[in-house]
Amino acid sequence: MRINDQIEIADWELSESFTRSSGPGGQNVNKVSTAVELRFEAARSPNLPAPVKSRLKRLAGRRWTLDGAIVIFVQETRSQARNRDIARERLAELIQKACERPKRRVATRPTKGSVRRRLQAKKARGEVKALRGKVDE
């Protein structure tokens, strides 16, 4: 499976298992195993550089297992082949996102005018709230 010019995933790194889908679908749901669980051994992959692996772990979230695999579960369509393609597309998108270096944030300071306006608004709001108190007789 080709991701970009530098990264290509070998077949041994991917494993697929098929289960029955949940939800409506009549007899098809009870007979045919159309849901796909795609498992990619990301931590052991020799094709992924270390920075890409760390970004991939952060992007994958709950899909990242304790043994360093990414599990993608798809049961959108009634076709096993289509679900398989969707799972592979999602994995490719996830890896492509992980390949992009995030932009470094440049620290900036607020302008004097914006600080002054913010403090003025806070003061006005405080005055409005101060007038809400109980009235003395």
- [ ] Just subtract the alpha-carbon distance of Ala43 and Gln80 from 0.36 nm times their residue separation and send over the number in nm, one decimal.
- [x] 10.6 nm
Task: Column: log10 I(q)/I(0), Debye, Cα scatterers of segment 82-137, q = 0.17 Å⁻¹ - done: -0.76
Task: Reported label for calculated Cα extents along the principal axes in Å given (1) 43, 36, 31; (2) 80, 44, 25; (3) 42, 38, 35 - done: (2)
Task: Selected from Phe18, Leu56, Leu119, residue furthest toward positive end of dipole (the chain; charges at beta carbon) - done: Leu119
Task: Pair Asp136, Asn28: separation of 7 Å Cα→Cβ label points (nm) - done: 7.8
TODO: Pop out the ³J(HN,Hα) list for segment 98-105 in order, Karplus 6.51 cos²θ - 1.76 cosθ + 1.60 with θ = phi - 60°, rounded to Hz; leave Gly and Pro as x.
DONE: 5, 6, 6, 6, x, 5, 6, 7
- [ ] Give me the distance in nm between label points sitting 7 Å out from Cα along the Cα-to-Cβ direction at Glu93 and Lys112, one decimal.
- [x] 4.9
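Where a number appears in this text, it was derived from the coordinates with a stated rule and is not lab data. Everything numeric here is computed off the predicted structure, so don't read it as measured data. Don't worry about glycine lacking a Cβ; one is built from the backbone with ideal geometry, like all the others, and counts go over all protein chains shown.
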